[in-house]
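Colleague: Would you mind keeping the following structure in view while I ask a few things?
The values are calculated or read from the model by the stated rules, or taken from the named source; none is laboratory data. Everything numeric here is computed off the predicted structure, so don't read it as measured data. Note that we place each Cβ from the backbone using ideal geometry, even for glycine, and neighbour counts take in every protein chain shown.
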Amino acid sequence: MTTSTSSLAAPGRRPAQDASWLLRTVLRTDSASTAAFAVLMLAAAALTTTPLGLPRELAVVSGCGMVCGAAAFWLLARQPVLPRRLVAGAIALNAVCGAVFAVLACTGLVPLTGFGRVFLAAGAVIVAVFAELEYVGLRRIRTA
């Protein structure tokens, strides 16, 4: 009789000792999407004024901030052991950014066009989903 040396608990399941796979996947996906959006904001900063109503300076500053956030999420996902406080910080950052996007989309603080409001509202939803998925991933690590 032979025993399996596979680290999988059951066919199609992740290794039991790696409860962080969801969180790492979400952090990497968050990083890639944030980087792509940052490049768009930086490359098209001059073009965002007309269709979105977003001031060029705000597009450049937010693009630079997103580059930093994307790098931080990527580096965090690559850590051998995910530090809970840093993950909590990433979740908080996403939650705050989502709230800021929602406020900007729903108020007149920035002279956005109708498309600009929809664009920022969609961004708020996307960022909130990332925050929630990262929170779920962190909870899975805690319970494992």
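Colleague: Anything in the stretch 79-91 that is without any contact (Cβ under 8 Å) to a residue 12 or more places away in the chain and either in a helix (DSSP H, G or I) or in contact with a helix residue (DSSP H, G or I) (Cβ under 9 Å, 6 or more places away or on another chain) (or both)? List them, or say none. Spell out how you get there, then give the answer.
Modeller: Here is the first cut: in the stretch 79-91, the ones without any contact (Cβ under 8 Å) to a residue 12 or more places away in the chain are 79-81, 83, 85-86, 89.
Across the stretch 79-91, the qualifying residues are Gln79, Pro83, Arg85, Leu86, Gly89.
Colleague: Can you go through Leu52, Leu76 and tell me which one is modelled with pLDDT under 90 and surrounded by 17 or more Cβ atoms within 10 Å (Cβ to Cβ)?
Modeller: When all the criteria are applied, what remains is Leu52.
Colleague: Would you mind telling me which numbered condition in (1) modelled with pLDDT of 95 or more; (2) surrounded by 15 or more Cβ atoms within 10 Å (Cβ to Cβ); (3) aliphatic (A, V, I, L, M) Ala19 fails?
Modeller: Exception for Ala19: condition (1).
Colleague: Counting only residues that are modelled with pLDDT of 95 or more, surrounded by 14 or more Cβ atoms within 10 Å (Cβ to Cβ) and not polar (S, T, N, Q), how many does the stretch 25-41 have?
Modeller: 5
Colleague: From Phe115, Phe101, Phe119, grab the single residue that is aromatic (Phe, Trp, Tyr), surrounded by fewer than 16 Cβ atoms within 10 Å (Cβ to Cβ) and in contact with a helix residue (DSSP H, G or I) (Cβ under 8 Å, 6 or more places away or on another chain).
Modeller: Working: Phe101 fails: surrounded by fewer than 16 Cβ atoms within 10 Å (Cβ to Cβ); Phe119 fails: surrounded by fewer than 16 Cβ atoms within 10 Å (Cβ to Cβ).
Just one listed residue meets the conditions, Phe115.
Colleague: Now for a different question. Which of the numbered conditions does Ala92 fail, given that it passes all the others? Conditions: (1) over 12 Å from the mean Cα position of the chain (by Cα); (2) loosely packed, with under 14 Cβ neighbours inside 10 Å.
Modeller: Every condition holds for Ala92 apart from (1).
Colleague: Just name the residue that is modelled with the highest pLDDT out of those in the stretch 55-66 that are hydrophobic (A, V, I, L, M, F, W, C) and buried (at least 17 other Cβ atoms within 10 Å of the Cβ).
Modeller: Met66
Colleague: Given the structure, is Ala19 on the phi < 0 side of the Ramachandran plot, in contact with a helix residue (DSSP H, G or I) (Cβ under 6 Å, 6 or more places away or on another chain) and not in a helix (DSSP H, G or I)?
Modeller: So Ala19 passes the test.
Colleague: Please verify whether Gly69 is modelled with pLDDT of 85 or more and on the phi > 0 side of the Ramachandran plot, treating the condition exactly as stated.
Modeller: no
Colleague: Is it true that Glu57 is assigned to a helix (DSSP H, G or I) and free of Cβ contacts under 8 Å to residues at least 12 places away in the same chain?
Modeller: When the stated conditions are applied, Glu57 passes them.
Colleague: Could you pull out the residue among Gly137, Gly63, Gly98 that is touching a residue at least 60 places away in the same chain (Cβ under 8 Å) and under 18 Å from the mean Cα position of the chain (by Cα)?
Modeller: Just a single option satisfies the conditions, and that option is Gly137.
Colleague: In this structure, is Val127 surrounded by fewer than 19 Cβ atoms within 10 Å (Cβ to Cβ), closer than 21 Å to Arg24 by Cα and touching a residue at least 12 places away in the same chain (Cβ under 8 Å)?
Modeller: no
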